[in-house]
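Engineer: Sending over a structure as C-alpha cells; questions will come in a sec.
Every read-out reported here was derived from the displayed coordinates using simple, explicitly stated rules and does not represent laboratory data. For clarity, every value in this text was computed on a predicted model and none was experimentally measured. Here the Cβ is made from the backbone with ideal geometry for all residues, glycine too, and neighbour counts use every protein chain on show.
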Amino acid sequence: MNKYELMYILKTSADEEKRTQLLEKFTGIVETNGQVESVEEWGNRKLAYEISKVNEGYYVLVNFSAATDIPKELDRNLKIADEVIRHMITRVEA
C-alpha cells in the first residue's frame, strides 16, 4: 500500500451537515481498501486566486494509505461533487 495526501476545498456555502456527509463519503471510499491515518479540517480560508467567482473555501486535508486504485475512485467522486471547488491527491514518498 502507498501513502497519499488528499487536499480538497469545499464551497463555504455548504452547511456543517453537508460538509460532514462529504467527509464521511470520501473517508469511506478510502476505508474500503485502505486506512485513513488523519483528517485535518482547516476551516474557512481565503483562496490564493478567485475560482468561479469564489474567494473563500473550506479546506480539508486527509492522509491515508491505500492501494493504487483508491485514488482514482476518490478523484472520480471529487469531480462529481458540486460542493468541491478544487482537489489534489499526491503520493507521499516514504
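Engineer: Any idea how far apart Glu50 and Lys18 come out in nm if each label point goes 7 Å out from Cα toward Cβ?
Structural biologist: Between Glu50 and Lys18, the simple spin-label model gives 2.1 nm.
Engineer: In whole Hz and in residue order, list the ³J(HN,Hα) couplings for segment 30-41 that follow from phi through the Karplus curve 6.51 cos²θ - 1.76 cosθ + 1.60, θ = phi - 60°; x for Gly and Pro.
Structural biologist: My calculation for segment 30-41 gives 5, 5, 4, 9, x, 9, 7, 8, 7, 10, 10, 9 Hz in order.
Engineer: Ordered by packing density, taken as the mean number of other Cβ atoms within 10 Å over each peptide's residues, highest first, how do 45-57, 6-18 rank? Working shown, then result.
Structural biologist: Details: 45-57: 10.8, 6-18: 15.8.
For the peptides 45-57, 6-18, the packing ranking is 6-18, 45-57.
Engineer: What aspartates and glutamates does Lys11 reach when the alpha-carbon gap must be under 15 Å and sequence neighbours fewer than 8 apart in one chain are set aside?
Structural biologist: Within the straight-line cut-off, Lys11 pairs with Glu41, Glu50, Glu56, Asp82, Glu83.
Engineer: Please give the calculated 222 nm ellipticity per residue for the chain, where each DSSP H segment of at least 4 residues contributes -39500 (n - 2.57) and the sum is spread over every residue; nearest 500 deg cm²/dmol? Walk me through the intermediate numbers first.
Structural biologist: On the way: 2 runs with 29 residues, N = 94.
Taking each H run of at least 4 residues, the total per residue is -10000 deg cm²/dmol.
Engineer: How big is D for segment 2-92, in µm² s⁻¹ as a whole number, if Stokes-Einstein is applied with the Kirkwood radius of its Cα pairs at 25 °C and 0.890 mPa s?
Structural biologist: Details: Rh = 13.3 Å.
The estimated diffusion coefficient comes to 185 µm²/s.
Engineer: Only Cα pairs under 8 Å and at least 6 apart count here; give the relative contact order of the chain as a rounded whole percent.
Structural biologist: 49 percent.
Engineer: Oh, and also: What ranking do 76-83, 24-31 get when scored by the average of other Cβ atoms within 10 Å per residue, highest first?
Structural biologist: Values: 76-83: 12.8, 24-31: 16.5.
Descending packing order for the listed peptides: 24-31, 76-83.
Engineer: With angles folded into 0 to 90 degrees, how steeply does helix 69-80 sit against the dominant principal axis of the chain? Use alpha carbons for both and round to 10.
Structural biologist: Once rounded, one gets 20 degrees.
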